[in-house]
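Okay, structure first, notes after.
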């Protein structure tokens, strides 16, 4: 099985948020600023790994929103 997904969120400083959320180990996820949005594309070979990646990303996104 191959699982993919996209999370799009709107931010006043989307470029800064995208830089803060960009993964150090590309492979499962890419994060880009597109206009006023942050677009995270996630992919993986197992549902469990994708869920773990999404969970980590959402926690970091929440922290980023509180700090900006």
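Derivation of every value follows stated rules applied to the coordinates shown; laboratory data play no part. Please read these numbers as outputs of a predicted model, since none were measured by experiment.
Just a few scattered comments:
- Helix-only CD estimate at 222 nm, as mean residue ellipticity for the chain, using -39500 (n - 2.57) per DSSP H run (n ≥ 4): -14000 deg cm²/dmol
- Per-residue extension of 0.36 nm, minus the Cα-Cα distance of residue 52 and residue 34, leaves a gain of 4.0 nm for this segment.
- Degrees between helix 47-67 axis and first principal axis of the chain (Cα, 0 to 90, nearest 10): 10
- Segment residue 8-residue 66, extension gain: residue separation times 0.36 nm, minus the distance between their alpha carbons: 19.1 nm
- Multiplying each eigenvalue of the alpha-carbon gyration tensor of the chain by 5 and taking the square root yields semi-axes of 21, 12, 10 Å, largest first, rounded to whole angstroms.
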